[in-house]
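One structure is given here, and the rest of the page talks about it.
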Amino acid sequence: MDWDYFFELTLGGLTRGSIYAMIALGYTMVYGIIELINFAHGEIYMIGAFTGLLVAGVLGVYGFPALAILVIAAVVAVIYCSAYGYTMEKIAYKPLRNAGRLSPLISAIGMSLFLQNYVILAQTSDFLPFPALIPEFEFLDPIAHIFGSSDFVIVVGSALCMAALTLFIKYTKMGKAMRATAQNRKMAMLLGIDADRIISITFIIGSSLAALGGLLIASHVGQINFMIGFLAGVKAFTAAVLGGIGSIPGAVLGGLFLGLAESFATGYISSDYEDVFAFTLLVVFLIFRPSGIMGKAPVEKV
Amino acid sequence: MQELTKSLKVSLWFMFLTFPLMVVRVNTIEHTVEWRWMNMVYMAVGSFALSFVWRWALRRKEMAKAAPERPRNAFTERLGSDKRFTVSVYGGLFALFALMPWIVSTYQTNIFISFMLYVILGLGLNIIVGVAGLLFLGHAAFYGIGAYTYALLNHYYGIGFWTALPIGGVVAALAGVVLAFPVLRLRGDYLAIVTLGFGEIVRLVLENWSDLTGGPSGVSNISRPDLFGHHLSVAGANTYVYYIVLVMAIVTIIAVQRLKDSRIGRALQALREDEIACQAMGIDRVNVKLMAFGLGTAWAGFAGVIFAAKTTFINPASFTFFESAIILSIVVLGGMGSNLGVILGSAFLVLMPEYLRAFSEYRMILFAMAMVLMMIFRPQGLIAPKGRKYIINDPDLAATEGGKA
Amino acid sequence: MATVLNVQNLSKNFGGLRALNEVDMRIDSGEIVALIGPNGAGKTTFFNCITSIYTPTEGEVRFTPKSGTESRINGMKPNLVTGLGMSRTFQNIRLFKNMTVLENVMIARHCRTKGGILGALLRTPAIRKEEQEIVDRSYELLKYIGLHRYYNDLACNLPYGEQRRLEIARALATEPSLLLLDEPAAGMNPQETASLKQLVLRIRDELDMAILLIEHDMSMVMSLSERIYVMEYGCMIAHGTPDEISKDPRVIKAYLGEDHA
């Protein structure tokens, strides 16, 4: 067995998986609270990448150092994506809070198409090159051919984000309120929790994570266009389903699992069908184990 | 005054929100930055004005909730009940469409072909989404299955259009039933995602199975339909395809209407309303769901065969999720469950951008916006599905209703 | 008298929770039987098990249709059970809300009619005749129940009490030999309850069917039913005539607590 190749695939899968996990968290949190597949979440990720590109472009012209650009771009992307996530919820989902299941989902699809076309009109429908913002780390030199510094930043960065999120949800008052709202929104409201605010915050947190994911992956891959959100979105949603939608550790596990599975499948089987693996996993899981790897199946009350 | 400050805040918020994407444009190769400040001004004015409309519309919606009875659309109302009116409207439309290729240019004939293809696609999807209430996001894949059925049969075996048309429909319907089997237990949003995934799998397979399908470059030189064994010129074939589509569209309209009003159609609607009650009332849920998918996707298959015959060249890029989303938006905008609505929806989507050129660039963004707005303010679509009229044999009832009138 | 429904040792587990524990029940044709018990005793679960909406964990449910021989129906698809002649209403009303009152009843004629896809497309004379028969039969039933004035209204616009009656009409349209009513009087005022009582009696006498009802309104249960079954914590704790049940110490204990026993 070619161990070098195996490690390369493992590390590559880890990088992919971390990004999937970051986006999956947004899906899972929103689903946990309002039971909506936020179709437009992938577009938030795409907008994060675009915002990052614009900031980097402007600062690049004025000659800022790469690391400063990375930090500023990340901050701006997070701010903007949060704002987009917040506004999107207020416009497209809040008025449909009591409208059944189909309406918000269609609204979400509309929102997703809207944001894609907005970016086409405001920017371009072509691929844009994305500058490499992540500096080379010397200590990674020996393994740089299989695990570069951008991989390193992605894996470490997303791990930190997820750890922070877990602590936030577990130990802060706001986190407790979020968990309560997810369990039973009506009851939480009766107990004085402002559910609308919790929902907004959920969207903001999910969008910030997507923004970071978008920025990091764009810098890693080197080009972006308006369509990147769709594929990333579906894959991240797959990750959320694998881990059991609504569960935060599940989303992380699902993301890593999907990343590794994809990496090995493309490495050992065929790279032509790269995206088919993800879709097949999604379909198979939804059909045979819709509650995910760890979840329990709910019983419908008659 | 309060209204003004509110709108001002909204306007400022949207200026902030759209600032980077709308104003800044960078060229990362030449390292130049372009600032488009005018866009910000448009945005500010636009959002300021729209925020008034938005709040007004929300208030109206609240008011409508208090008094739910809304006046029915007089035109559609008359269309069903007033027989002479109905016949003259439909007759006039039919005459207009029958003469169309002789009035307008080939280019415009093509637009009308594509309009009617969307009508067929939309009506098929309407059975699944509108009548049976199953959110289906993979319709384009079945369109593709129909198109590829004809393209490949023609390419490898030289099979003609008229033989392939029923085969394409049947293959798509079977594929729909095959997809339906595993997703029977899924509800609402999960079903949507699985059908999306399935649609993408179909497209990716078409794209990657190069030996059979020609990969991303697709299949070319597909035969146009023959007229009783005669080959037609390109323009002649185009007119011929126009009439085929016209007949097919009319057949679809009648067939879908009849299905909707039948025992099967009622079972589909019951399935949409309540699955458990549906079973408890003696309806086989599995059967009905399979029927919904099969009946819906068959039309996509027919449309696909015609599409392949019209363009003589197809590739997987025509059958993406984007296409499914367009068909879905036709159904949603037109009115879920309403056939007339679907026809209007297709007209808006295909004909408007052609005849209002300025509008074409913004077509998709307006459609996307309309999808969101429709869900919020008019979930039943442009034209709400019309209830069927039943003949009741009850002299007492006739007496009381006569007394009322 | 012929047995319509025969349930033996019926149990249902949800995970580790035993919702029904070895329940027995027998219903004869033409009987009105009541199933009572405190909230959460497992009455609705029992309904769901015998109508096959849930699959029982253990036990036997045997049903004798009007024309045929006894057959074991647990695990059968719910629509087939309805086809055999067992029909029900729901405690939390499950009408087809956005369809008209008439259509709600028409749907229930599904299992007694045959028109398929081809028939619908071609609209043959036979199919048209069947359609009109469905309409006529459904309207007749509405008239029987007294809802015919509303036939063209949406089901969701009916008053609450009328919605419950519509559920009964819908269940009747499947031509059952055993009708299961799950809290038919819940949320009704005394007047409505009284007329419901009349309706149940009329259905039994005129349409010749056995009726099993879950009900909390004791005056209705006592005056209507010939026999009563009592459940508590998933077990059948008593069964007998209304007189016997009203004196049974276990039943009093279950309802009123230890002190009154």
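Values quoted throughout were computed directly from the atomic coordinates according to the rules given, and no laboratory measurement underlies them. Just so you know, these numbers come straight off a predicted model, no measurement behind them. Cβ placement follows ideal geometry from the backbone for every residue including glycine, while neighbour counts extend to all protein chains displayed.
A search for C-beta distances below 8 Å between a residue of the range B:281-292 that is at the interface with another protein chain (Cβ under 7 Å from one of its Cβ atoms) and any residue that is of a type in the set (Ser, Thr, Tyr), counting only pairs 6+ apart in sequence or on different chains, returns B:MET281/C:THR82; B:MET281/C:SER87; B:MET281/C:THR174; B:GLY282/C:THR82; B:GLY282/C:SER87; B:GLY282/C:THR174. Scanning the range B:27-49 for residues that are under 20 Å from A:GLY52 (Cβ atoms), exposed (fewer than 13 other Cβ atoms within 10 Å of the Cβ) and of a type in the set (Val, Ile, Thr) gives B:ILE29, B:THR32.
Quick one: is C:GLU60 of a type outside the set (S, T, N, Q), part of a strand (DSSP E or B) and over 14 Å from the mean Cα position of the chain (by Cα)? It is true that C:GLU60 is of a type outside the set (S, T, N, Q), part of a strand (DSSP E or B) and over 14 Å from the mean Cα position of the chain (by Cα). A count restricted to the range C:147-162 and to residues that are within 13 Å of chain B (Cβ to nearest Cβ) and in contact (Cβ under 8 Å) with a residue 40 or more places away in the chain stands at 8.
With the range B:254-327 as the region, which helices (runs of 4 or more DSSP H) entirely inside it contain at least 2 residues that are among the β-branched types (Val, Ile, Thr)? Steps first, answer last, please.
Numbers: elements: B:263-273, B:275-280, B:285-311.
In the range B:254-327, the matching helices (runs of 4 or more DSSP H) lie at B:285-311.
With respect to the conditions (1) assigned to a loop (DSSP other than H, G, I, E, B); (2) under 18 Å from C:GLU215 (Cα atoms), C:LYS66 falls short on a single one, namely (2).
Does C:ALA238 qualify as being hydrophobic (A, V, I, L, M, F, W, C) and part of a helix (DSSP H, G or I)? No; evaluated as a whole, the condition is false for this residue. Residue count for the range C:163-192 under the criterion of being under 27 Å from C:CYS49 (Cα atoms) and either part of a helix (DSSP H, G or I) or within 14 Å of chain B (Cβ to nearest Cβ) (or both): the result is 20.
B:ALA173 falls short on exactly one of the conditions (1) surrounded by 20 or more Cβ atoms within 10 Å (Cβ to Cβ); (2) small (Gly, Ala, Ser); (3) in a loop (DSSP other than H, G, I, E, B), and that condition is (3).
Every residue, every condition in (1) in contact (Cβ under 8 Å) with a residue 12 or more places away in the chain; (2) within 23 Å of B:GLN257 (Cα to Cα); (3) hydrophobic (A, V, I, L, M, F, W, C), yes or no:
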residue: B:SER329; (1), (2), (3): yes, yes, no
residue: B:ASN339; (1), (2), (3): yes, yes, no
residue: B:ILE343; (1), (2), (3): yes, yes, yes
residue: B:PHE348; (1), (2), (3): yes, yes, yes
residue: B:ARG363; (1), (2), (3): yes, no, no
residue: B:ALA368; (1), (2), (3): yes, no, yes
residue: B:ILE376; (1), (2), (3): yes, no, yes
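Selection of helices (runs of 4 or more DSSP H) fully inside the range C:70-126 by the criterion of at least 2 residues being in contact (Cβ under 8 Å) with a residue 12 or more places away in the chain and more than 7 Å from every other protein chain (Cβ to nearest Cβ) returns C:78-84, C:101-108.
From the residues in the range A:68-119 that are among the aromatic types (Phe, Trp, Tyr) and more than 7 Å from chain B (Cβ to nearest Cβ), which one is surrounded by the most Cβ atoms within 10 Å (Cβ to Cβ)? Before the answer, list the steps.
Initially, the range A:68-119 is screened for residues among the aromatic types (Phe, Trp, Tyr), giving A:80, A:84, A:86, A:93, A:114, A:118.
Of the ones still in play, those that are also more than 7 Å from chain B (Cβ to nearest Cβ) are A:86, A:93.
Values: A:TYR86: 18, A:TYR93: 25.
For the range A:68-119, the residue satisfying everything is A:TYR93.
Conditions (1) part of a loop (DSSP other than H, G, I, E, B); (2) more than 14 Å from the chain's Cα centre (by Cα); (3) crowded, with 24+ Cβ neighbours inside 10 Å; (4) not hydroxyl-bearing (Ser, Thr, Tyr), marked per residue:
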{"residue": "B:TRP102", "(1), (2), (3), (4)": "no, yes, no, yes"}
{"residue": "B:ASN110", "(1), (2), (3), (4)": "no, yes, no, yes"}
{"residue": "B:SER114", "(1), (2), (3), (4)": "no, no, no, no"}
{"residue": "B:ASN126", "(1), (2), (3), (4)": "no, no, yes, yes"}
{"residue": "B:VAL129", "(1), (2), (3), (4)": "no, no, yes, yes"}
{"residue": "B:PHE136", "(1), (2), (3), (4)": "yes, no, yes, yes"}
{"residue": "B:ALA140", "(1), (2), (3), (4)": "no, no, yes, yes"}
{"residue": "B:GLY146", "(1), (2), (3), (4)": "no, yes, yes, yes"}
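Just one of the listed residues (B:LEU340, B:LEU333, B:LEU246, B:LEU232) is away from chain C (no Cβ under 14 Å), of a type outside the set (Asp, Glu) and assigned to a loop (DSSP other than H, G, I, E, B), and it is B:LEU232.
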